[in-house]
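**Q** Below is a structure I'd like to ask you about.
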Amino acid sequence: MSARRSATRRRTATRCMVLVAAVGAAYSLLPMWWAVVSSLRSPSAIFQNLYPLSSRTLWVSHPTLTNYHTLGADGFIGVAIRNSLISTSGTVLLGLLIAIPAAFAFVVFDSRFMRALFVFVLISFLVPFEAIAIPLGSTFRSLGLENSYLGLILPAVGNGMAIFLLRQFFFGVPIELLEAARSDGASWLRVLRSVYVPLCRPAIVGAATILFVFQWQSFLWPLIIAPAPNFTVAPVALGEFVGEFQVNYGAMLAGAAVTGLLPALVFVGAQSMFNRSLARSGLVG
Amino acid sequence: MEKGGSVAVRNAPVIGARQPRRGVYARRMWIKRLTIVAFVTPAVVMLVLTRLWPTAEAIYDSLFRQSLIGGTSFGGLANYVTVAKDPVFLKGLTVTAIFGLIVNPFQIVLALVFAVVLSERWRGAWFFRTVILFPAGVPSAVAVVIFGIALRPDGPVNGFLHDLGLPSQPFLNSPDQALASIILIVSWIGVGYWVIFLVGGVQDIPTTLYEAAEIDGAGWWKKFFSVTLPLLRRPLLFVLVADTIANALVFAPVQILTQGGPDGSTNLMMYDIYQRAYQQGALNDALAETVMWLIPVILIVAIQFRLLRPNT
């Protein structure tokens, strides 16, 4: 009797949870879905089918790529997306190149000095970047880094969170493997490359994701350091669309779809690996 | 956090069957030292130059006054007084405080609800988990642009209200609704992001604890308050702190959609600082304002740490 009641109760609870999840999922997906669908309409049709809403609000039966052609022809946002791709891949590559050896050193060469140095890394990662973007901007300008890829990339490559994540993961590598490799005469760099890196791929994917998302979504810093049209990145270019006198909503939504979906795809792809490495980092455990 | 093991390496710098001669040992020590320097220096230098140095410089420069002919002179706290007397700053501070008091609890409660729901074992949970995380990867400028169009007077959100028989709303054009609209926009990204951290925490709670609670006859709510919530303390503290800081620094929606308006109703601190530095050209005042804004934020974060510290 009580068992049956608890079974009923459990079913109700599951139903409630599905409902909550479904509402959350709808709220998460609808804005982007609407943007993508609308970007496939002709520019004049974007604000149609809204009064009243119909199934056609969220579906397009005759998709057209007009807006994407405009986007390509316009040059401005095309260049901006290219700039975003360049600065983001530069950030991921340089960021990993800096973070992986540092994390390795913090794990393998343990000493009081290294521990103090690591505390210092932690402190620097508690400084929120947006808060110091304005003072850093004036320094970078005086160094002549305004309107350059280097100016866009450099502040993003020193990422304390990426180092932290990798370090937590590197701790999981059995010390015997390191000792075996060393006694075979492998150099420290060789140990890192052929023992730690292959064993910690999920953490490296996680660190790459952190670096990627940080740079791809960055808005305030590019606005300050790279205002020239040929160095504008995608988020800034999109923002500038809004201020224009005659807004082409079709092209704007197409730009938003491209800029928005690319990292989301990367993110969802990396999510399972990222979750695993976060769980091991102890950051959330 | 520490897992040990590395101690073994420190105590055994020489690995191998034979005991090497003194010169070899010294050479190895040198190689090791050089390796440490080569591996750690790039990261440390970048962190100093792009994180710590600008922080120190901001504090230092905020004490210097800009003169009209160019150049600066020491002014002590004069910039701070100038900013503190500015009514635009005071209104902005109020707006940002209201924003923070609403947006942080809103996002954390929602993230917690989704994290708990998505960690339960039911068919299809993985699908919803991926979908709800999706906005976390979308750049804020993209979300802002899409919501900016969706919230227009002739946009789809008003179309939806129309279908429900409700009057259309001005949203971003109204001093009463603009801040609430911005809260909804930043939460679209924020909630998904914080769910990631909380789902991990919920899944790490041993199922045996729930089973024990069930044997004691605990219902769903009872289990939530006596098992889930206490064991989520660490990730919750992290999310609370990180969310508070993130929301204290919201900038893109204001810059793109409202420029602080209408009527100063969305003049969040970061936008006011940016405005002061780049539109008014008062860089040193802006630095003073940054310091003045970060001190209360750091204080609030410190209080959160104290109140929620695990094992107290």
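The values are calculated or read from the model by the stated rules, or taken from the named source; none is laboratory data. Worth saying up front: this structure is predicted, and the values here are computed from it rather than measured. Note that each Cβ is placed from the backbone with ideal geometry, even for glycine, and that neighbours are counted across all protein chains shown.
**Q** Which of the residues spanning region A:209-242 are part of a helix (DSSP H, G or I) and under 9 Å from the mean Cα position of the chain (by Cα)?
**A** If the condition is that a residue be part of a helix (DSSP H, G or I) and under 9 Å from the mean Cα position of the chain (by Cα), then A:209, A:210, A:211, A:212, A:213, A:214, A:215, A:216 are the ones that fit.
**Q** Is it fair to say residue A:175 is surrounded by 16 or more Cβ atoms within 10 Å (Cβ to Cβ), farther than 30 Å from residue B:278 by Cα and at pLDDT 90 or above? Quick ask: steps written out before the conclusion?
**A** Details: surrounded by 16 or more Cβ atoms within 10 Å (Cβ to Cβ): yes; farther than 30 Å from residue B:278 by Cα: yes; at pLDDT 90 or above: no.
Judged against the criteria, residue A:175 is not a match.
**Q** Name, by its number, the condition in (1) touching a Pro at 6+ places or on another chain (Cβ under 7 Å); (2) within 27 Å of residue A:58 (Cα to Cα); (3) surrounded by fewer than 21 Cβ atoms within 10 Å (Cβ to Cβ) that does not hold for residue B:169.
**A** That leaves (1) as the condition not met.
**Q** What are the residues in region B:41-62 that are in contact (Cβ under 8 Å) with a residue 24 or more places away in the chain and crowded, with 18+ Cβ neighbours inside 10 Å, if any? It would help to see each step written out before you state the result.
**A** Just the residues of region B:41-62 that are in contact (Cβ under 8 Å) with a residue 24 or more places away in the chain, to begin with: B:58-59, B:61-62.
B:58, B:61, B:62 - these are the residues of region B:41-62 that are in contact (Cβ under 8 Å) with a residue 24 or more places away in the chain and crowded, with 18+ Cβ neighbours inside 10 Å.
**Q** Report yes if some residue within region B:212-223 is over 30 Å from residue B:152 (Cα atoms), surrounded by 15 or more Cβ atoms within 10 Å (Cβ to Cβ) and among the β-branched types (Val, Ile, Thr); otherwise report no.
**A** Checking region B:212-223: not a single residue is over 30 Å from residue B:152 (Cα atoms), surrounded by 15 or more Cβ atoms within 10 Å (Cβ to Cβ) and among the β-branched types (Val, Ile, Thr).
To keep it simple, each residue is scored yes or no on (1) out of contact with any helix residue (DSSP H, G or I) (no Cβ under 6 Å at 6 or more places or on another chain); (2) within 14 Å of chain A (Cβ to nearest Cβ); (3) part of a helix (DSSP H, G or I).
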position	(1), (2), (3)
B:41	yes, yes, yes
B:45	yes, yes, yes
B:56	yes, yes, yes
B:79	no, yes, yes
B:92	no, no, yes
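**Q** Looking at region A:162-178, can you tell me whether even one residue there is charged (D, E, K, R) and under 21 Å from the mean Cα position of the chain (by Cα)?
**A** Going through region A:162-178, the residues charged (D, E, K, R) turn out to be A:167, A:176.
Those left that are additionally under 21 Å from the mean Cα position of the chain (by Cα): A:167.
The answer is yes; a qualifying residue exists.
**Q** Check every one of the helices (runs of 4 or more DSSP H) wholly within region A:94-206 and list those with 3 or more residues that are more than 8 Å from every other protein chain (Cβ to nearest Cβ).
**A** Values: elements: A:112-126, A:129-142, A:149-157, A:160-170, A:175-183, A:188-191.
Here the list reads A:112-126, A:129-142, A:149-157, A:160-170, A:175-183.
**Q** How many of the residues in region B:198-233 are in contact (Cβ under 8 Å) with a residue 60 or more places away in the chain and aromatic (Phe, Trp, Tyr)?
**A** Qualifying residue count for the region: 1.
**Q** Mind listing just one residue for me: the one in region A:201-245 that is without any contact (Cβ under 8 Å) to a residue 60 or more places away in the chain, hydrophobic (A, V, I, L, M, F, W, C) and farther than 15 Å from residue A:89 by Cβ and, of those, surrounded by the fewest Cβ atoms within 10 Å (Cβ to Cβ)?
**A** A:245
**Q** Of everything in region B:234-272, what is modelled with pLDDT of 90 or more, in contact with a Phe, Trp or Tyr (Cβ under 6 Å, 6 or more places away or on another chain) and among the small types (Gly, Ala, Ser)? Give them in sequence order.
**A** Within region B:234-272, just B:252 meets the criteria.
**Q** Got at least one residue in region B:123-141 being at the interface with another protein chain (Cβ under 7 Å from one of its Cβ atoms), outside any helix (DSSP H, G or I) and crowded, with 23+ Cβ neighbours inside 10 Å?
**A** Yes - at least one qualifying residue is present in region B:123-141.
**Q** While we're looking at this one, here's another question. Could you list, in sequence order, the residues of region B:267-296 that are in contact (Cβ under 8 Å) with a residue 40 or more places away in the chain and outside any helix (DSSP H, G or I)?
**A** Within region B:267-296, B:267, B:268, B:282 meet the criteria.
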